[in-house]
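Beneath this line is the structure, given in structure tokens, with notes to follow.
The values are calculated or read from the model by the stated rules, or taken from the named source; none is laboratory data. Values in this document were obtained by computation on a predicted structure and should not be read as measured data. So basically every Cβ, Gly included, is an ideal-geometry build from the backbone, and we count neighbours across all protein chains shown. Accessible surface is based on the protein model in full, side chains and every heavy atom, while ligands, DNA and RNA are left aside. Shrake-Rupley method; radii C 1.70, N 1.55, O 1.52, S 1.80 Å.
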Amino acid sequence: MSWEKFEAVYAMIGPAGVALVFVALFAVYLIVWQLCYMTAVWRNFRRDFLDIEQGKDRCLRHIDPKKANPLIRIIYDIVTTHGDHSDDIRAEVSYLFYRNFKRVSNGLCWLKLIAVVAPLMGLLGTVWGMVWVFQAMADVTHANAGVLASGIWSALITTIMGLCVAIPTLMAYYYLMLKFRSFHIEAVEHSYRALEVCRRMKKAGKESRFEDADAGAGAPGL
């Protein structure tokens, strides 16, 4: 694209439109990254911890908490530290969930912010364009309806751009948020299940199947 075309596009969308283009690119990056990351986390969780088809847990054998899947790391921490901090497993999971998925939480906050701010940026560009249109018309002795309509049409483009950025971003935000909440539910559910297995094995006096990566941590058997 030649420089003249860039200038024509810039004259049409203005600085607000340029800002919206960068905001849209940032939103696309966040959506793609979050979707790929969550998909990889769930796939690895099923592979390393769950056996959905047979309805069995693979438990926490040979888990390195520093390299493990975030969901497995949360369950690992619950099993090894539950009782040392509080009796509320849900509160513990919520804290660990935030700590292990902080980047995802921040990304979702940015997506929601983009969905709110994009229409306002578009409206700002439209208002700014309308100011220039009416100022230009005020300097002309005989107003031309065609020029006025053309100026208003150009000014409204940024509003359309803002809505085109905000609507898909908001839809992606809610989709990712639902997926994110399902991770939280899975973490709570499997933390309860893991602790229950621990209690049953300790009560039955069976040998521990849980191999704690930290020697001497005194982790319960699983």
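Working from label points 7 Å from Cα in the Cα-to-Cβ sense, the Arg43 to Val127 distance is 4.6 nm.
Rounded to the nearest whole angstrom, the semi-axes of the ellipsoid equivalent to the range 1-48, taken from the Cα gyration tensor as √(5λ), stand at 39, 10, 4, largest first.
Averaging 1/r across all pairs of distinct Cα atoms in the range 73-132 and inverting the result yields a Kirkwood radius of 14.7 Å.
Rounded to the nearest 10 square angstrom, Ile74 shows an accessible area of 0 square angstrom against a 1.4 Å probe. Label sites at Leu163 and Leu178, each approximated as a point 7 angstrom past Cα along Cα to Cβ, lie 2.4 nm apart.
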